[in-house]
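In what follows, a single structure is set out as structure tokens and then discussed.
The values are calculated or read from the model by the stated rules, or taken from the named source; none is laboratory data. Please read these numbers as outputs of a predicted model, since none were measured by experiment. When we count neighbours, we look across all protein chains shown, and the Cβ atoms used for this are built from the backbone with ideal geometry, even at glycine.
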Amino acid sequence: MLHFAVRARKRRWPQLACVLVLLGCAPRVARGPDALLARGWDMYRAGEYTQALATFEQLARMAAPTSTMQVAAWYGMATTWNLRRPNENPDRARRWYQRIISQAPPGDYTAWSLLALARMQHLALTPTGDADAVRRAYQVVLDAYPGHPAADEAFLHQQASLVATLDTNASLRALASIRAYLQHAPTSTLASSLHGLMGRCYNTLGDYTRQLAMEIKECETRVFDPANPYMDNSMQYWHIATTAEFLAGDFAVARHYYQLFIDAYPNDQRRFGARQALLRMNALEARLRPAAPAAGGPPP
């Protein structure tokens, strides 16, 4: 019996050793404030929202009151409640954003929290809602944090709300504001989006030549993100080409961008349509071109 027990114990040793090795190699859970903050955002990006909230809450409890780290945890909780899908909770998100604005010292987190509240108000706007109140909310960010990236985004959304009305006067207001902004910050990362808004303004105004020019600038100033595998210029090339062909009547520009599209995106299903567009424009110009005089005949 004793011999059997000894043999059984020996058989368990390899299993026990394996467990100990695995435990020793297992990654340790991050406990420091910076590591907790990073883990919270990792969980958020992975869609593990319950774990993200638990991590941010743990960080908020251990951080000093209204310290940068505690405010960062509040912002993580606000963003998670705001943007998680499903089971988002706008009311909880607003409370955390408002706590940051009221209790945290002025800085990045308060700027982004103000913008987040304005965006929530904008996205909840109904067709009969108060669009001017939304624009005032964006203006709060612009006035409180001029030059901050959050203020730049607030300006973009504020002007987009004007452009979306398809009203002539609103489009003229947006054009004037955007021109002034681009004169002040011509290399802004938002320059591409702002040129796109100007193009939509000119479309509302019926000025298709300027619309085409703005669409080209939108494409030329676009900031390419190599980390985004879905980012390409196919839609921009196609849109510029069709605007040039059908609205501005600029076949030279249309040909250039259709050909760019064909060369850059050979597997896109719209490539056939681009080739057909080149043939269509050639045929139309051939019909409109005056016939050459017969040899030896009088000049036309």
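Worth pointing out:
- Test: residue in segment 138-151 that is within 22 Å of residue 239 (Cα to Cα), buried (at least 19 other Cβ atoms within 10 Å of the Cβ) and free of Cβ contacts under 8 Å to residues at least 60 places away in the same chain: no
- The set of residues in segment 110-160 that are outside any helix (DSSP H, G or I) and of a type in the set (Ser, Thr, Tyr) comprises 126, 128, 145.
- Taking helices (runs of 4 or more DSSP H) as the structural unit, those lying wholly within segment 198-282 and holding at least 3 residues that are in contact (Cβ under 8 Å) with a residue 12 or more places away in the chain and of a type in the set (S, T, N, Q) correspond to 234-242.
- Those helices (runs of 4 or more DSSP H) of segment 1-71 in which at least 2 residues are modelled with pLDDT of 95 or more, considering only elements entirely within it, cover 33-45, 49-62.
- The lone criterion from (1) more than 25 Å from residue 48 (Cα to Cα); (2) modelled with pLDDT of 95 or more left unmet by residue 93 is number (1).
- Among the residues of segment 152-182, the ones that are buried (at least 17 other Cβ atoms within 10 Å of the Cβ) and of a type outside the set (A, V, I, L, M) come to 9 in all.
- Among the numbered conditions (1) assigned to a loop (DSSP other than H, G, I, E, B); (2) in contact (Cβ under 8 Å) with a residue 12 or more places away in the chain, the only one that residue 81 does not meet is (1).
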